[in-house]
Amino acid sequence: MEHECTCSTKFADVDDLRPLEEIIERYGSEKGALIPLLQEAQDAYGYLDEKIMREIAKRAGYQFSQVFGVATFFAQFRLKPIGEYLIKVCHGTACHVAGATQITDEVANQLGIKEGETTPDNKFTLESVMCLGACALAPIMVVGDDTHGKLKPTSIKKVLKHYAGPSGSQASEGDDAE
Amino acid sequence: MSGNGNGHAYKVVLGYGTCGIAAGATAVKEALEQEVESGGYDVDLDIAGCMGLCFKEPVVEIFDRDGCSVVYGDITAKKVPQLLEEHVGKGQVIEDWVVKKSEDPNACDGDFLANQLRVVLRNCGKINPESIEEYIEIGGYEAARKALTSMTPEEVIDEVSTSGIRGRGGAGFPTGTKWGFARKSPGDEKYLICNADEGDPGAFMDRSVLEGDPHTVLEGMILAGFAIGARQGYIYCRAEYPLALKRLDIAIEECHQKGFLGENIFGSDWSFDVKVKKGAGAFVCGEETAMMASIEGQRGMPKPRPPFPANSGLWGKPTNINNVETFAAIPWIIAEGGEKYADIGTEKSKGTKVFCLAGKVRRTGLAEVPMGYTLRQVIFDVGGGIAGGREFKAVQMGGPSGGCLPAEKLDTQVDYDQITAAGAIIGSGGMIVADNRTCMVDLARYFLSFTQDESCGKCTPCRIGTKRMLEILERICEGKGEPEDIEKLQILAGDIKDASLCALGGTAPNPVLTTLRYFKDEYEDHILNHKCAAGSCPALITLYIDAETCTGCAACVKVCPTDAITGEKKEPHVIDAEACIRCKMCLSRCPSESIIAE
């Protein structure tokens, strides 16, 4: 997808609280704004560091337990930093039937990491996610902002190679579809 | 649409939804823009949402001056120059690439669409979802204008009740009745919520509607807000759908500019506004009370009902929640009349239902059919049957709350009651087709691992019960099942169904119960014979090479991570069963399908 690159180079440092201040100011005292606050903080910092969550609690008027409770309830929130490219392998039903387990296994094998881990060079983080809603192209995975469909375990190496170069070099979309 | 719009010789429309983009539509878009510019073609380029022809993405539809159109499938950037040169330049249709022609709906794969009846998807793939003008041009917002300027809220509810439409989110509760409850509930402050948290794996119709026709959903919400007396609406949309979120934001902004949302809409004394709430990834938030907790900024955990949302919902106020697909049908019902909608379908299930065909079916995509079609009609007439010439084994309906129906149930009509009686549910409309290579025990295990993972943990039967069921299923798939396991699963399933707090737990055992009902022999085969006939469960299979068909190309040798495959060049190869870790890399690589898993 063409909008909003979320590569790690754009993430703010957790010691720099200016982005957070700006986010909190925008939501002001809006009712029920905790989830959007955490979402935007994660967009800005790449993950939710304890320091950031404590600042949100203090500045937006929540108990820290409330903030931490919400952050750990929803699958989207991450408490650890991620690599430059987040790889999300879809494990929806259609992808499962089409062999998503083998896709995850092969990505893990190629990168030498387990699910939920980041490569030592901070390039890739591997995650399994629930249905991304592109079932017709199963099995699929999303690398950064690009969706790759109709994958085979044997096509993983080629897909990853596109991203392994210097930062910013990316694959053209769908080139691995049959 | 009449003609092709604004006086160009041709209008070229590119399907630009998530499926299309994932299949390479962005490159096609760039190529089209470049070629039209450099070739000087007299063409109006436009985008549209998903037509539902996911199996042919990227899709391009070309309209001539008379409004006749040809749909081309599997278009790549490389094919674009030829497409424009022949069709637009010379007026010649490239027959090999055609999916459908408007004057010959059955051409090629056109019967995918010819066998459908589109109400909810009526505009998807036809209009630019980022342009309110295109929606208005085909009669958009007329139903809302009519209702707000000439109908009472009660008349709107009556019309919806007459249509007989039932909630398309899964539970199938009559929408008119639900609105009636919210209308009658005392209080000045009421809320309306659109459930766009399409969490069922295998369902993508809500995404497609939001991406392809967001204004229809907003118009349905305006009508519902007016009917129940809500002045604020929320759309709770999954964060996994960035394109849907983007198009909703654009659509809401356009509505504000036109005065269709905000104060005194359509010049009436009615005010209504809509806000988008982005979900944060929790399947349980599809449950009404959990969704409201999440909108309030809390952990998304369900609450016991009563009180029902119609009496005490968001912020303790009367609240009405409907699904995207339900809202998308409302403008059509108000414009065409409830009776016309009620003419479609069966006695107790009116109208049409959108199904997402996926899995081992030949044509994957969106199928909107009248209620009462048989499963066979949906899977074989619309879907074109099983991919790769294999055998139909089962269709999984309703996601983690649903069930799997076997071949002998293919003549069941799609109707809430008949599908439920057969052991599955219509649910949100996911239809995953399984062939003889899909293991039903593994599929049940998959769904249990999903619900176990998504259980919010509030009530014990769901939190611990699903965990115990999953452990048993994992054991069976690993070849360590015990003969008593089947009975244990049945007892646990009954208890979890009876005692869980919300529908997530209450329906979690369904995938196990239906597979036990129709595919018990597979469970027994796993437990007693340590065999997985589908060749799926790694612990129970052996991989070997068919010496008759193996060409000795050695492609498998290159991908085997344990060097378990050996053989002379151009001679049949063999797999060393001791060294093989059954990762099936070779299976997906073999060009002659000579590797067999049993």
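Taking a ≥ b ≥ c as the square roots of the eigenvalues of the Cα gyration tensor of region B:211-313, is the shape rounded (a/c under 1.5), prolate (a/b larger than b/c) or oblate?
oblate
Excluding A:His91 itself, what net charge comes from residues whose Cβ is under 11 Å from its Cβ, given Lys and Arg +1 and Asp and Glu -1? List each step's numbers first, then the result.
Numbers: positive: A:Lys88; negative: A:Glu115, A:Glu127, B:Asp453.
Charge balance near A:His91 sits at -2.
Only residues of region B:39-59 count here: report those whose backbone N is under 19 Å from the spot 7 Å along Cα→Cβ of B:Glu137, or say none.
B:42-51
Defining a contact as two alpha carbons under 8 Å apart and six or more residues distant in sequence, what relative contact order in percent does chain A show?
It comes to 19 percent, rounded to a whole number.
What is the distance in Å between the Cα centroid of region A:35-70 and that of region B:47-95?
48 Å
Long-range amide H contacts for B:Tyr191: which residues qualify at under 5 Å (H placed 1.01 Å from N, peptide plane, sequence gap of 5 or more or a different chain)?
For B:Tyr191, whose amide H was placed from the backbone, the distant partners under 5 Å are B:Thr319, B:Asn320.
Could you work out the mean count of beta carbons from other protein chains within 10 Å of each residue's beta carbon in A:86-95?
6
Can you give the mean number of other chain Cβ atoms that lie within 10 Å of the Cβ atoms in peptide B:27-35?
So the per-residue partner count for this stretch is 1.
Which listed residue (B:Gly337, B:Leu53, B:Phe380) has the Cα farthest towards the positive end of the charge dipole for chain B, taking +1 on Lys and Arg C-beta and -1 on Asp and Glu C-beta about the Cα centre?
Farthest towards the positive end: B:Gly337.
Using the crude model of +1 on Lys and Arg Cβ and -1 on Asp and Glu Cβ, and no other charge, please compute the dipole size for region B:352-435 relative to its Cα centre, in debye to 20.
The calculation lands at about 280 debye.
So, by mean Cβ neighbours within 10 angstrom, what's the order for B:148-161, B:190-203 with the highest one leading?
B:190-203, B:148-161
Counting only C-alpha contacts under 8 Å and six or more residues apart, can you give the relative contact order of region B:542-597 as a whole percent?
Rounded, it is 47 percent for region B:542-597.
Whole angstrom only: what separates the Cα centroid of region B:144-192 from the Cα centroid of region B:333-403?
Here the two parts' Cα centres lie 26 Å apart.
Treating the beta-carbon of each Lys and Arg as +1 and of each Asp and Glu as -1, no other charges, what is the dipole magnitude of region B:440-528 about its Cα centre, to the nearest 20 debye?
420 debye
What shape does the protein assembly as shown have by the C-alpha gyration tensor, where a ≥ b ≥ c are the square roots of the eigenvalues, rounded means a/c under 1.5, and otherwise prolate means a/b greater than b/c and oblate the rest?
Rounded, because the longest to shortest axis ratio a/c is under 1.5.
Summarise the partner chain shielding of B:554-566 as one whole number: the mean count of Cβ atoms from other chains within 10 Å of each residue's Cβ.
1
Hey, if you put +1 on the Cβ of every Lys and Arg and -1 on every Asp and Glu Cβ in region B:440-528, which of B:Val512, B:Phe447, B:Leu501 ends up farthest toward the positive end of that dipole?
Farthest towards the positive end: B:Leu501.
Out of the GluC sites (Glu not before Pro) in region B:519-574, which ones are loop residues according to DSSP with at most 11 other C-beta atoms within 10 Å? Write out the running numbers ahead of the final one.
Working: sites: B:Glu522, B:Glu524, B:Glu548, B:Glu568; in loops: B:Glu548, B:Glu568.
Here the sparse-neighbourhood loop sites are B:Glu548, B:Glu568.
Sequence gap at least 6, Cα distance under 8 Å: using those rules, report the relative contact order of chain B to the nearest whole percent.
This gives 11 percent for chain B.
What ³J(HN,Hα) values, in whole Hz, does the Karplus curve 6.51 cos²θ - 1.76 cosθ + 1.60 give for region B:205-210 when θ = phi - 60°, with x put for Gly and Pro?
Couplings: 6, 5, 4, 5, 5, 5 Hz.
Label B:Ala239 and B:Cys553 with points 7 Å out from Cα along Cα→Cβ: what is the distance between them in nm?
Simple spin-label model gives 4.3 nm for this pair.
If the only charges are +1 at each Lys and Arg Cβ and -1 at each Asp and Glu Cβ, what is the size of the charge dipole of region B:132-341 around the Cα centre, to the nearest 20 debye?
Magnitude of the dipole: close to 780 debye.
What does the net charge come to around B:Glu571 if you take all other residues with beta carbon closer than 14 Å to its beta carbon, with K and R at +1 and D and E at -1?
Working: positive: B:Lys569, B:Lys570; negative: B:Asp546, B:Glu548, B:Glu568.
Within the 14 Å Cβ shell, the charges total -1.
Is region B:140-280 rounded, prolate or oblate when judged by the Cα gyration tensor, a ≥ b ≥ c being the square roots of its eigenvalues, rounded requiring a/c under 1.5 and prolate requiring a/b larger than b/c?
It comes out oblate by the Cα gyration axes.
How many percent of DSSP beta bridges within the protein assembly as shown run antiparallel, rounded to 5?
55 percent
Between A:Tyr62, B:Gly89, B:Gly199, whose Cα lies farthest towards the positive end of the dipole of the protein assembly as shown when Lys and Arg beta carbons carry +1 and Asp and Glu beta carbons carry -1, centred on the Cα centre?
Result: A:Tyr62, furthest along the dipole toward the positive end.
Subtracting the Cα-Cα distance from 0.36 nm times the residue separation, let me have the gained length for B:Ala579 to B:Asp111 in nm, one decimal.
Extra length from B:Ala579 to B:Asp111 when fully extended: 163.7 nm.
Work through the residues other than B:Thr289 whose Cβ is under 9 Å from its Cβ and net out their charges, Lys, Arg +1 and Asp, Glu -1.
0
Using helices alone, I'd like the mean residue ellipticity at 222 nm for the protein assembly as shown: each DSSP H run of four-plus residues gives -39500 (n - 2.57), total over residue count, nearest 500.
One gets -10500 deg cm²/dmol as the mean residue ellipticity at 222 nm.
Going by Cα centres, region B:436-502 and region B:295-325 are how many Å apart?
The distance from the Cα centre of region B:436-502 to that of region B:295-325 comes to 28 Å.
No lab work stands behind these numbers, since they all come straight from the coordinates. Note that the structure is predicted; figures quoted are calculated from it, not measured. Note that we place each Cβ from the backbone using ideal geometry, even for glycine, and neighbour counts take in every protein chain shown.
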